[in-house]
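The values are calculated or read from the model by the stated rules, or taken from the named source; none is laboratory data. Note that the structure is a prediction, hence the values are computed from the model and not measured. Neighbour counts run over all protein chains shown; Cβ positions are idealised from the backbone, glycine included.
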Amino acid sequence: MKPQRVFSKAVWEKEVGYCRAIRVGDQVHVTGTASVAEDGESVFGVGDGQAQARRCLELIERALAELGLDRRNVVRTRMFVTDISRWREYGKAHGEFFADNPPATTMVEVRALIHPAMLIEIEADAYAGS
């Protein structure tokens, strides 16, 4: 099966050489997704960890929708955060988003993300099988 790719408006995609999501058979991988505003360049929810996490998850679901899937197909997420002491903010958004279908997850602190105002980046894996 030929891979299906989804692209976003993020300014870094072409420069770095990646796509927002890729589906190969029943496996879907969504790249690290940060809280990017609709213009594809500015940061959404500056200073608000919960808002940024929610935005990341909404962008992930948007990419999944282009592949015919939704949040219920997500089986694993990885959260990269710049301040682990704010874990409850990120966790609240994640917990609300996946309330009825929680995936396996990991949250780790990193030194920095691609833009200094970004507090969180989330990547996801989904399963498209029956």
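Key figures for this structure:
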quantity	calculated
Residue among 32, 40 that is out of contact with any Gly (no Cβ under 6 Å at 6 or more places or on another chain) and closer than 22 Å to residue 103 by Cβ	32
Checking residue 80 against (1) of a type outside the set (S, T, N, Q); (2) in contact (Cβ under 8 Å) with a residue 40 or more places away in the chain; (3) outside any strand (DSSP E or B); (4) out of contact with any helix residue (DSSP H, G or I) (no Cβ under 9 Å at 6 or more places or on another chain), the condition it does not meet	(3)
Scope the range 46-60; condition crowded, with 20+ Cβ neighbours inside 10 Å and either farther than 9 Å from residue 93 by Cβ or of a type in the set (Lys, Arg) (or both); matching residues	54, 55, 59, 60
Scan of the range 2-30 for residues that are among the β-branched types (Val, Ile, Thr), at pLDDT 95 or above and surrounded by 15 or more Cβ atoms within 10 Å (Cβ to Cβ), ordered by number	22, 28, 30
Residue count, the range 31-45 (criterion: surrounded by 13 or more Cβ atoms within 10 Å (Cβ to Cβ) and assigned to a loop (DSSP other than H, G, I, E, B))	5
Any hit, the range 31-41, residues being farther than 23 Å from residue 109 by Cβ and within 12 Å of the chain's Cα centre (by Cα)	no
The range 61-77, residues that are out of contact with any helix residue (DSSP H, G or I) (no Cβ under 6 Å at 6 or more places or on another chain) and either in a helix (DSSP H, G or I) or farther than 30 Å from residue 3 by Cβ (or both)	62, 63, 64, 65, 66, 72, 73
